Amino acid sequence: MATPSKQYKAIGEDLWKSRTEKVNAELFALTYGALVVQLIQDYEDYGEVNKQLEKMGYNIGTRLIEDFLARSSVGRCSDFREVGEVVAKVGFKSFLNITPTVTHPPPTSRPTSVQRQTSVPNSSFTLTLDENPLAEFVELPEEALEGGLWFSNVLCGVLRGALEMVQMQVQVEFLSDVLRGDETTELRVTLLKYLEEEVPMGDE
Amino acid sequence: MVVFGLWVINKAGGLVYQRNFTDGLAQLTSNEYLVLAGTLHGIHAITSRLSPTGPSSGAQVIEGETFKLTILLTVTGTKFVLSTPLAETAAESILQRVYEIYSDTVMKNPFHTPEMPIRSEGFDSRIVGLLGSGQS
């Protein structure tokens with residue numbers, strides 16, 4: 001199913017417009033901020049907070065994927081490159097109303113971890129978030145910067161959870177964040193392997 | 001629109017939801033439903049392997065003399081099975097709606113454990129809203 005990326009954009013736009021339930025962006029940002037602060041108070045360790053955020057995201061992702069599939073009716077992707085396009089243009093658009101820029105690395109043979117699949121040319125992609133609804137109004141204090149907090153780490157978890165439910169084990173990590181004084185906010189998604197549990201073969 | 005019954009089968013083949021929507025249907029015991037749903041899960045897997053033309057989906061419609069089963073398999077492996085009269089043409093779009101309701105009321109319910117039987121009033125009431133109450 002080789003749907004051109006233009007079409008994904010249209011699907012994403014359409015979903016965003018026709019989705020009925022929306023929530024005030026400021027409420028969303030403030031709630032998330034409060035959550036992160038609470039975690040920092042509870043764990044008193046930024047590394048642990050990152051981990052917990054990722055875990056929360058994972059649990060969200062494993063459930064959110066159903067919502068995504070039920071409404072978007074996009075089928076199975078033919079390769080990981082397409083996954084990147086769908087995640088950015090349909091997924092991020094329909095849930096957060098942003099469309100991160102997808103960058104695919106030039107095809108290289110990745111060293112380890114991807115033996116099972118015969119050839120996986122594009123087994124990672126980078127998402128560059130031009131804006132980040134989670135980080136609205138946020139300024140990280142010195143302490144959090146030194147502690148290495150990834151404020152929006154929940155996104156990593158969501159992606160990992162969602163993709164795992166459609167038989168892709170991925171590793172997701174932040175490369176940079178404007179909150180830390182970087183130029184851009186970048187996420188890297190790396191495909192580890194395709195999971196082989198009763199893979200429902202491509203519909204249609 | 002006439003619908004006899006709806007099943008939801010988890011990815012392991014367990015029946016997590018079953019409901020009838022028409023009066024006077026032959027009743028099975030809950031144990032029989034569980035066994036038959038598990039069998040259907042197996043049959044579905046077999047049909048996808050039977051494809052002579054490479055990878056294919058499993059059976060999407062199974063017809064009998066008086067009824068048909070329409071099966072929607074989601075990418076995550078959950079199956080929605082709708083049993084209707086032969087003449088029902090909207091079964092597929094109904095299943096798509098059921099999937100949406102499922103994603104809203106079941107998967108987004110933090111108290112629901114994935115892969116476990118669905119006991120959610122919200123799901124029940126929206127399904128009844130979609131398909132009518134029947135009896136049971």
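The values are calculated or read from the model by the stated rules, or taken from the named source; none is laboratory data. Predicted, not measured: the structure shown is a model, and the values here were computed from it. Positions of Cβ are generated from backbone atoms using ideal geometry, with glycine treated the same way; all protein chains shown enter the neighbour counts.
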* **Among the candidates B:Ala12, B:Ala59, residue that is within 25 Å of A:Ala162 (Cβ to Cβ), within 14 Å of chain A (Cβ to nearest Cβ) and part of a loop (DSSP other than H, G, I, E, B)** => B:Ala12
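Inspect the range A:41-57 for any residue being outside any helix (DSSP H, G or I), of a type outside the set (Asp, Glu), surrounded by fewer than 14 Cβ atoms within 10 Å (Cβ to Cβ) and more than 14 Å from chain B (Cβ to nearest Cβ) and give the result as yes or no.
Checked the range A:41-57: no residue is outside any helix (DSSP H, G or I), of a type outside the set (Asp, Glu), surrounded by fewer than 14 Cβ atoms within 10 Å (Cβ to Cβ) and more than 14 Å from chain B (Cβ to nearest Cβ).
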* For the range B:105-136, what are the residues that are surrounded by 15 or more Cβ atoms within 10 Å (Cβ to Cβ), among the hydroxyl-bearing types (Ser, Thr, Tyr) and part of a loop (DSSP other than H, G, I, E, B)? -> B:Ser120
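Could you list, in sequence order, all residues of the range B:66-91 that are within 14 Å of chain A (Cβ to nearest Cβ), within 19 Å of B:Ile118 (Cβ to Cβ) and in a strand (DSSP E or B)?
Here is the first cut: in the range B:66-91, the residues within 14 Å of chain A (Cβ to nearest Cβ) are B:70-80.
Add one more test, that the residue is within 19 Å of B:Ile118 (Cβ to Cβ), and what stays is B:71-74, B:76-80.
Matches in the range B:66-91: B:Ile71, B:Leu72, B:Leu73, B:Lys79, B:Phe80.
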* Between a first residue in the range B:93-107 that is free of Cβ contacts under 8 Å to residues at least 60 places away in the same chain and a second residue that is outside any helix (DSSP H, G or I) and hydroxyl-bearing (Ser, Thr, Tyr), which pairs have beta carbons less than 7 Å apart while being 6 or more apart in sequence or on different chains? -> B:Leu95/B:Thr70; B:Tyr99/B:Thr74; B:Thr105/B:Ser120; B:Val106/B:Ser120
* Scanning for something free of Cβ contacts under 8 Å to residues at least 60 places away in the same chain, touching a helix residue (DSSP H, G or I) at 6+ places or on another chain (Cβ under 7 Å), in a loop (DSSP other than H, G, I, E, B) and on the phi > 0 side of the Ramachandran plot, does the range B:15-25 turn up at least one residue? -> no
* To do: For the range A:25-40, indicate whether the set of residues that are surrounded by 14 or more Cβ atoms within 10 Å (Cβ to Cβ), among the charged types (D, E, K, R) and in a helix (DSSP H, G or I) is non-empty.
  => no
* To do: May I ask you to list the residues in the range B:52-73 that are surrounded by fewer than 16 Cβ atoms within 10 Å (Cβ to Cβ) and touching a Gly at 6+ places or on another chain (Cβ under 9 Å)?
  => B:Pro55
* Among the residues of the range A:136-173 satisfying the criterion of being closer than 19 Å to A:Val86 by Cα, over 10 Å from the mean Cα position of the chain (by Cα) and touching a residue at least 24 places away in the same chain (Cβ under 8 Å), which is farthest from the other protein chains (Cβ to nearest Cβ)? -> A:Gln169
* Asked: Quick one: B:Gly13 ticks every box in (1) farther than 22 Å from B:Val98 by Cβ; (2) among the small types (Gly, Ala, Ser); (3) surrounded by 13 or more Cβ atoms within 10 Å (Cβ to Cβ) bar one, so which box is it?
  -> (1)
* Structure fact -> Screening A:Leu64, A:Leu69 for residues that are at pLDDT below 95 and within 19 Å of A:Leu134 (Cα to Cα) leaves only A:Leu64
* Structure fact -> Inside the range B:92-104, the number of residues satisfying the requirement of being within 11 Å of chain A (Cβ to nearest Cβ), buried (at least 19 other Cβ atoms within 10 Å of the Cβ) and in contact with an Asp or Glu (Cβ under 9 Å, 6 or more places away or on another chain) is 3
